[in-house]
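Enquirer: Provided herewith is a single structure, encoded as structure tokens, for subsequent inquiry.
The values are calculated or read from the model by the stated rules, or taken from the named source; none is laboratory data. Please read these numbers as outputs of a predicted model, since none were measured by experiment. Here Cβ is always computed from backbone atoms with ideal geometry, including for glycine, and neighbour counts include all displayed protein chains. Just so you know, the surface numbers come from the protein's heavy atoms only, side chains and all, with ligands and any DNA or RNA stripped out. Shrake-Rupley method; radii C 1.70, N 1.55, O 1.52, S 1.80 Å.
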Amino acid sequence: PPPAPHPNRASSLRRFLRYVWPYYGLIARATGAGMLKFVLPSTMALSFRFLTDRLVPAQATGAPAPQDVIARALDSYLSWFGALLGPFWTTPWGAFDLLMLTLVGVYGVWAVALYYRSQWAQLAGHRVMMDLRSELYRHIHRLSHRFFQENQSGGIVSRLTADIALAQNFVGSAMTNIW
């Protein structure tokens with residue numbers, strides 16, 4: 001039989017999430033930026049697929065290229081945006097240039113998303129860590145002298161430093177990656 005779950009695990013997680021909840025806005029923004037961070041690099045592969053499947057065959061042979069949703073969407077985007085910019089941009093070379101300029105823009109957005117994801121996730125993690133350490137500090141000051149005689153000071157210090165740093169890592173990285 002599988003081992004029984006620890007009886008206090010759920011309540012410990014709920015107590016921990018009480019410290020995280022005030023910073024849900026930062027975590028939500030970090031999660032949104034993280035989604036961009038992970039999704040936007042796929043545009044490079046999709047663009048090169050479009051380039052080799054659509055632009056190169058059309059230029060070289062004039063043969064119709066395979067149709068799919070992504071190719072149709074990129075065709076529509078390049079036709080629409082190329083028509084707005086002028087006649088050069090509707091040619092195959094213009095479409096290629098427009099596709100590459102779009103990729104530069106996408107990677108600019110990716111860099112900004114990468115920066116803000118890291119910034120917001122770390123800020124939330126540091127704030128949660130500060131709240132946890134402050135609460136532990138107040139709790140330790142309320143403990144009796146007998147508690148300190150019965151417990152090793154190294155264990156107490158370990159709780160104040162290492163365990164809270166793990167909580168910071170959980171909030172700063174793992175939580176935003178999971179969501």
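Enquirer: Just checking, how many residues over region 121-156 are of a type in the set (V, I, T) and either under 17 Å from R18 (Cβ atoms) or open to solvent by 80 Å² or more (accessible area, probe 1.4 Å) (or both)? Before you say what the answer is, go through the steps one by one.
Expert: We begin by selecting, within region 121-156, every residue of a type in the set (V, I, T); these are 128, 140, 156.
The next check asks that each one be either under 17 Å from R18 (Cβ atoms) or open to solvent by 80 Å² or more (accessible area, probe 1.4 Å) (or both); those that pass are 128.
The qualifying residues number 1.
Enquirer: Given the residues Y107, Y115, Y77, which is the only one that is more than 22 Å from F16 (Cα to Cα), part of a helix (DSSP H, G or I) and in contact (Cβ under 8 Å) with a residue 40 or more places away in the chain? Outline the logic, then answer.
Expert: Working: Y115 fails: in contact (Cβ under 8 Å) with a residue 40 or more places away in the chain; Y77 fails: in contact (Cβ under 8 Å) with a residue 40 or more places away in the chain.
Exactly one residue qualifies, and that residue is Y107.
Enquirer: Hey, another quick one. Before we move on, is P57 at pLDDT below 80 and either under 32 Å from the mean Cα position of the chain (by Cα) or in a helix (DSSP H, G or I) (or both)? It would help to see each step written out before you state the result.
Expert: Values: at pLDDT below 80: yes; either under 32 Å from the mean Cα position of the chain (by Cα) or in a helix (DSSP H, G or I) (or both): yes.
Here the answer is yes, as P57 does meet what is asked.
Enquirer: With β-branched (V, I, T), surrounded by 13 or more Cβ atoms within 10 Å (Cβ to Cβ) and without any contact (Cβ under 8 Å) to a residue 24 or more places away in the chain as the only criterion, which of T90, T161 stands out?
Expert: Values: T161 fails: surrounded by 13 or more Cβ atoms within 10 Å (Cβ to Cβ).
After ruling out the rest, the residue left standing is T90.
Enquirer: Another one. Determine if region 141-160 includes at least one residue that is in contact with a Gly (Cβ under 7 Å, 6 or more places away or on another chain), modelled with pLDDT under 80 and among the β-branched types (V, I, T). Steps first, please.
Expert: Taking region 141-160 and keeping what is in contact with a Gly (Cβ under 7 Å, 6 or more places away or on another chain), we get none.
Checking region 141-160: not a single residue is in contact with a Gly (Cβ under 7 Å, 6 or more places away or on another chain), modelled with pLDDT under 80 and among the β-branched types (V, I, T).
Enquirer: Looking at this structure, is A165 modelled with pLDDT of 85 or more and within 26 Å of G25 (Cα to Cα)? Step through it out loud before you land on a result.
Expert: Details: modelled with pLDDT of 85 or more: no; within 26 Å of G25 (Cα to Cα): yes.
Answer is no for this residue.
Enquirer: Can S47 be described as touching a Leu at 6+ places or on another chain (Cβ under 6 Å), among the polar types (S, T, N, Q) and either modelled with pLDDT under 90 or surrounded by fewer than 17 Cβ atoms within 10 Å (Cβ to Cβ) (or both)? Break it down into steps so the answer makes sense when it comes.
Expert: Numbers: touching a Leu at 6+ places or on another chain (Cβ under 6 Å): yes; among the polar types (S, T, N, Q): yes; either modelled with pLDDT under 90 or surrounded by fewer than 17 Cβ atoms within 10 Å (Cβ to Cβ) (or both): yes.
Yes: the conditions hold for S47.
Enquirer: Give me the pairs: first residue in region 33-56 and over 24 Å from W120 (Cα atoms), second residue open to solvent by 50 Å² or more (accessible area, probe 1.4 Å) and of a type outside the set (A, V, I, L, M, F, W, C), beta-carbon distance under 7 Å, and six or more apart or on different chains, which are they?
Expert: Short answer, once both residue conditions are applied: D53/P66; L55/P92.
Enquirer: Have a look at F16, F38 and point out the one that is among the aromatic types (F, W, Y) and within 14 Å of the chain's Cα centre (by Cα). Don't jump to the end; show me each part of the working.
Expert: Details: F16 fails: within 14 Å of the chain's Cα centre (by Cα).
It is F38.
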